[in-house]
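The structure under discussion appears below in the form of structure tokens.
The values are calculated or read from the model by the stated rules, or taken from the named source; none is laboratory data. Here the structure is a predicted model, which is why all the values come from computation and not from measurement. Virtual Cβ from ideal backbone geometry, glycine too; neighbours counted across all protein chains shown.
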Amino acid sequence: MRHLSLKYITLVVAMCASALLSLSIGPRQDVFLSDLLSAFATDELSINQSIIFDLRLPRTFVAILVGANLGLAGMILQAITRNPLASPSILGINQGAALGMTLGLVFPSIILLNLDFMAILGALIAGALTFSFANSAKNGFNSLRLILAGIAVGAFSYAMVRFTFILDDDLAREVIGWTSGNISASNWQDVKPLIVWTLLGIISSYLLAHKFNLLALGEAASQGLGANPKLIQFMGAVIAATLTAITVAVAGPVMFIGLVIPHFCRRFFGQDHRLLLPATMLAGALLMSLADIVAKLINFPYETPTGIICALIGAPYFLYQSLTVKGAKL
Amino acid sequence: MSQSVKQQNIRPQWQADLYVYFRSKSFVIQVVLFVLVIVASVWSLMVGAVSIPVQVTINTLFDLDGDQQKYIILRSRLPRVVLALMTGGALAISGAVIQAIIRNPLASPKIIGVNSGAALFACLMIILLPDIPASYLPLAACAGGILAALIIFFATFGRNLSGVHLALVGIAVGFICESGVDYILVALPTHELATPLVWLTGSFWGRSWTHVYAVWLPLCTMAAVGLTMAYRLDILHLGAETATGLGLNVQVQRLILLLIATLLASISVGVAGVLGFVGLMAPHIARRLVGGNHRLVLPASALVGMLLVVLADGAGRAIFPPIEISAGILTAIFGAPFFIYIMLTSSQE
Amino acid sequence: MSIKKYLTSAVALAMVGMASLVNAGEITHELGVTNVPDAPKRIIVLEFSFIDALASVGVSPVGIADDKKRDRVIPAYTDVIGNEWVSVGTRKTPSLEIMASLNPDLIIADKTRHSAVYEALSEIAPTIVLDSLSGNYPESVEQMSIIGKAIGKSEQMEARVAAHKATMKDYIAQMKNTGNYVAQFGVTNKTGLFLHSPVSYNGSLLELFGFKSNMVKTNGDTYDENYVETSLEQLSVVNPDILILGKYADPAHTDSWAEEPLFKQLTAVKNGNVYNITAHNWSRLRGMLAAELTAADLLEIMKKVK
């Protein structure tokens with residue numbers, strides 16, 4: 001147990017360190033962390049204080065929360081499907097969100113509410129499609145089919161998104177801006193709903209964590225222990241889709257965090273979802289804030305969308321994962 | 001009686017095969033497919049931003065008396081149709097071979113990462129070596145496709161992975177390449193450049209005879225080799241253990257066939273961009289039509305592939321003239337639902 | 001209308017040159033040398049700046065890559081070239097077939113967009129390729145002369161260019177103290193703000209009028225270094241005295257900054273020196289008439305600057 005708490009402490013320290021590092025990096029090199037501290041002491045913010053408090057701090061918060069949510073969503077998806085590869089980007093949920101936004105940009109007349117809502121709608125529809133394809137009346141739920149269906153849904157959505165690239169310059173620019181996972185324009189308005197949804201996500205998934213453990217024993221065994229597998233799976237799917245959709249609305253589709261993080265955490269924190277939950281959130285936040293640092297530095301002083309950096313980090317890990325995953329788990 | 005037995009013994013095996021083949025139902029289907037490909041090609045020559053009546057099309061093609069549309073038919077549309085036929089056929093053969101090798105009906109060049117690898121390298125070439133003419137794109141694409149295939153091959157070599165697992169590794173390699181392509185498109189100073197973007201969506205826009213000359217020889221050679229090696233596929237399709245029992249060195253055969261499939265798909269991507277799902281759909285449709293024998297499936301799926309791409313290119317020109325919808329978009333729109341349909345009905349699971 | 005004045009003077013000058021009618025002949029352009037027929041009649045243009053060139057000497061193109069939106073060719077042009085052109089599709093992927101069906105005798109294409117199809121275009125008609133999209137203002141004026149030569153109206157075009165240069169000098173003379181200001185132009189859509197750097201067309205134009213820039217200079221060979229996506233923090237580094245915005249969307253991305261303390265503290269915002277202009281005229285159009293429109297806008301801005 002002491003061993004475990006040491007791991008948690010390491011994660012927390014690493015996450016805080018990377019968050020602070022990310023805070024201190026930006027195109028303005030005359031802004032320091034000390035400006036943040038002094039910002040809390042004054043009523044009227046100076047320019048430097050305003051930069052770190054109004055621009056960089058919400059952005060770092062968004063990175064942390066988005067990372068945490070995606071890590072959590074990935075953990076839930078993997079728990080309910082008992083498939084170590086299930087995650088928002090593999091199941092086509094992210095790509096569906098991108099398609100939703102793209103349709104809204106190309107045909108402004110079909111926008112319901114606003115573009116964020118279009119993203120959420122796209123994410124939910126894509127997720128629902130993937131799951132329904134994986135469930136067939138004849139053979140029941142099939143894990144491999146889930147992955148393949150997700151990839152088909154994702155490929156379909158992405159082909160449509162790419163099409164807009166050959167239309168107008170300005171339209172292509174907007175689509176790329178929305179769909180590349182760019183958090184550079186985050187502000188406090190983005191942070192507030194994220195915090196609320198994250199808290200809801202934590203609470204609801206913590207309540208379900210024990211049931212996820214039962215589910216890991218297999219549907220029949222979990223039923224024997226008094227759990228209703230279908231209900232748990234449904235609730236888990238709804239929580240995961242909501243968490244993903246909310247991050248998409250704020251940051252755009254960010255790939256692979258939900259895939260990489262739960263897998264990584266399981267190696268160090270074991271299979272108990274009650275212990276995994278905080279670990280995946282912390283590690284997701286850590287990865288996302290690291291990616292954000294890279295995004296700020298790779299083409300300094302210009303920025304690269306954080307989502308692209310995540311994809312570059314995550315995709316090779318997926319290859320590693322696909323090689324090491326045991327055949328039986330498929 | 002003994003006479004006929006003797007004759008059959010003298011007659012080489014391929015002649016006997018051919019004899020049986022000409023009398024089979026599959027032969028009729030192949031002929032019908034062939035006719036359909038011709039009809040679709042002529043239709044594709046007629047439609048586009050400027051519609052041309054069939055009479056004028058035929059006049060121009062065969063240099064008959066009467067109205068002609070020399071430039072549009074001969075210089076603009078004919079090379080596109082020829083390229084569509086070649087890339088469609090190549091992708092279909094590639095898909096059929098890959099499906100046979102990894103014994104998975106859902107496999108295709110796109111699913112095992114070859115398309116994405118080719119796309120990544122072609123993008124890299126456009127970015128890093130902007131002064132090299134676009135006719136060298138197929139070379140870069142081949143390098144990328146082969147590299148992706150090599151990664152998959154070495155990563156799985158000696159591990160005795162199942163076909164499904166192999167597909168998963170391919171998907172992962174595909175994701176790596178895709179994220180590289182995304183990085184190039186979004187982060188590097190080119191996301192407004194027309195060339196890589198238009199090409200990436202699988203478009204025949206602006207393709208001319210130069211492109212045809214650049215790829216016809218390798219494509220036709222590979223396709224011919226692939227077709228003649230088809231009988232090995234039947235043996236491989238029985239499964240790795242059986243094939244070893246029948247005296248084929250499975251790993252070597254797999255490697256050669258995989259190389260041919262990779263080259264076919266990569267060259268197609270290099271010249272026409274990513275035409276998603278053609279390599280998946282065509283062999284399936286072909287198998288439904290002519291059964292599981294690969295000597296029949298390969299030519300049939302080549303014909304189906306040609307038909308699909310020629311139709312996609314023609315339709316892309318005909319829908320919103322003068323704006324073109326890339327053929328690759330249309331194949332993906334029809335291909336993804338088809339993929340899911342195959343998945344749902346596939347009895348192999 | 002000043003344009004009419006120029007046209008009449010240009011025509012008068014051209015009359016003088018008529019006697020020794022120049023052979024258009026071989027035109028050297030970005031991708032080589034093209035043999036162009038004398039005084040081509042049916043011209044297709046694939047960028048807006050080439051319309052500007054044709055309109056300057058009163059020639060109407062038969063085909064324009066107008067992105068399928070005819071109103072992108074502004075009235076200042078249609079007054080001269082009429083409304084008879086055929087749309088050949090988008091600037092990115094113009095339809096080769098429609099171009100061919102127009103039987104052109106000259107095609108003017110852009111280096112960035114159309115290099116890949118240069119061969120296909122050359123099969124349709126003699127094609128010259130110029131760097132419009134990533135070129136700066138002095139280059140765009142030089143291109144006018146090349147186009148003038150290609151369409152066999154060299155003298156007329158030189159006269160128009162001379163008149164244009166005089167007009168611009170006039171504008172420069174009217175704008176005083178521009179050297180005291182850091183001016184920055186940017187285009188904003190729903191998702192971002194894109195600053196046009198000093199090497200871009202608009203950046204070089206601002207430089208011509210004597211404005212200073214705080215952006216880091218790049219070599220300008222590629223498009224993105226001309227047009228840099230910019231966050232609020234980066235904008236605060238540039239911190240211009242005059243911020244000129246072209247909005248392609250309403251509300252635009254920059255509107256979401258209105259309440260940000262940092263935005264309010266920008267020098268341009270604090271002093272009320274943020275000006276909105278027509279994004280289309282500044283950003284998509286390039287050429288002499290376009291530059292004169294820009295100059296007129298700038299003159300208005302300088303009258304208001306506090």
Any hit, the range C:239-247, residues being over 29 Å from residue C:77 (Cα atoms), free of Cβ contacts under 8 Å to residues at least 60 places away in the same chain and surrounded by fewer than 22 Cβ atoms within 10 Å (Cβ to Cβ): yes
State all residues of the range B:36-73 that are crowded, with 18+ Cβ neighbours inside 10 Å and hydroxyl-bearing (Ser, Thr, Tyr); if no residue qualifies, say none. B:41, B:44, B:57, B:60, B:71
Could you check the range A:213-235 and list, in sequence order, the residues that are assigned to a loop (DSSP other than H, G, I, E, B), under 21 Å from residue A:134 (Cβ atoms) and in contact with a helix residue (DSSP H, G or I) (Cβ under 6 Å, 6 or more places away or on another chain)? A:227
Only one of these is at pLDDT 80 or above, within 12 Å of chain B (Cβ to nearest Cβ) and either within 22 Å of the chain's Cα centre (by Cα) or surrounded by fewer than 19 Cβ atoms within 10 Å (Cβ to Cβ) (or both): A:123, A:149, A:97. Name it. A:149
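Results for (1) free of Cβ contacts under 8 Å to residues at least 24 places away in the same chain; (2) out of contact with any helix residue (DSSP H, G or I) (no Cβ under 9 Å at 6 or more places or on another chain); (3) of a type in the set (Gly, Ala, Ser); (4) on the phi > 0 side of the Ramachandran plot, shown as yes or no for each residue.
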position: C:84; (1), (2), (3), (4): no, yes, no, no
position: C:87; (1), (2), (3), (4): no, no, yes, no
position: C:98; (1), (2), (3), (4): no, yes, no, no
position: C:115; (1), (2), (3), (4): no, no, yes, no
position: C:132; (1), (2), (3), (4): no, no, yes, no
position: C:137; (1), (2), (3), (4): no, no, no, no
position: C:141; (1), (2), (3), (4): no, no, no, no
position: C:145; (1), (2), (3), (4): yes, no, yes, no
Which of the residues that make up the range A:161-171 are more than 7 Å from chain B (Cβ to nearest Cβ) and assigned to a helix (DSSP H, G or I)? A:161, A:164, A:170, A:171
With the structure loaded, tell me whether residue A:37 is farther than 26 Å from residue B:172 by Cβ and free of Cβ contacts under 8 Å to residues at least 24 places away in the same chain or whether it fails that test. yes
The residue that is nearest to the other protein chains (Cβ to nearest Cβ), considering only those in the range C:233-254 that are assigned to a helix (DSSP H, G or I) and in contact with a strand residue (DSSP E or B) (Cβ under 8 Å, 6 or more places away or on another chain), is C:234
Checking the structure you have, find out if any residue of the range A:186-196 is modelled with pLDDT of 80 or more, within 18 Å of the chain's Cα centre (by Cα), surrounded by 22 or more Cβ atoms within 10 Å (Cβ to Cβ) and assigned to a loop (DSSP other than H, G, I, E, B). yes
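Rundown of residues vs (1) more than 29 Å from residue C:232 (Cα to Cα); (2) free of Cβ contacts under 8 Å to residues at least 40 places away in the same chain; (3) out of contact with any helix residue (DSSP H, G or I) (no Cβ under 8 Å at 6 or more places or on another chain); (4) within 14 Å of chain B (Cβ to nearest Cβ), yes/no style:
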| position | (1), (2), (3), (4) |
| --- | --- |
| A:269 | yes, no, no, no |
| A:274 | yes, no, no, no |
| A:285 | no, no, no, no |
| A:289 | no, no, no, no |
| A:294 | no, yes, no, yes |
| A:297 | no, no, yes, yes |
| A:310 | no, no, no, yes |
| A:315 | yes, no, no, yes |
Of all residues in the range A:20-63, count the ones that are within 9 Å of another protein chain (Cβ to nearest Cβ) and among the hydrophobic types (A, V, I, L, M, F, W, C). 6
Run down B:259, B:303 and say which single residue is among the hydrophobic types (A, V, I, L, M, F, W, C), crowded, with 24+ Cβ neighbours inside 10 Å and either within 22 Å of residue B:33 (Cα to Cα) or more than 12 Å from the chain's Cα centre (by Cα) (or both). B:303
Within the range B:322-349, how many residues turn out to be surrounded by fewer than 18 Cβ atoms within 10 Å (Cβ to Cβ) and either outside any helix (DSSP H, G or I) or within 14 Å of the chain's Cα centre (by Cα) (or both)? 4
Selection over the range C:82-134 where residues are in contact with a Leu (Cβ under 8 Å, 6 or more places away or on another chain), within 29 Å of residue B:314 (Cβ to Cβ) and more than 7 Å from every other protein chain (Cβ to nearest Cβ) yields a count of 13
Taking the range B:72-119 on its own, how many of its residues are within 14 Å of another protein chain (Cβ to nearest Cβ), among the polar types (S, T, N, Q) and assigned to a helix (DSSP H, G or I)? 4
What number of residues within the range C:68-82 satisfy the criterion of being surrounded by fewer than 22 Cβ atoms within 10 Å (Cβ to Cβ) and either in contact (Cβ under 8 Å) with a residue 40 or more places away in the chain or closer than 19 Å to residue C:119 by Cα (or both)? 5
Of the listed residues (C:24, C:65), the one being modelled with pLDDT of 50 or more, crowded, with 20+ Cβ neighbours inside 10 Å and under 28 Å from residue C:91 (Cβ atoms) is C:65
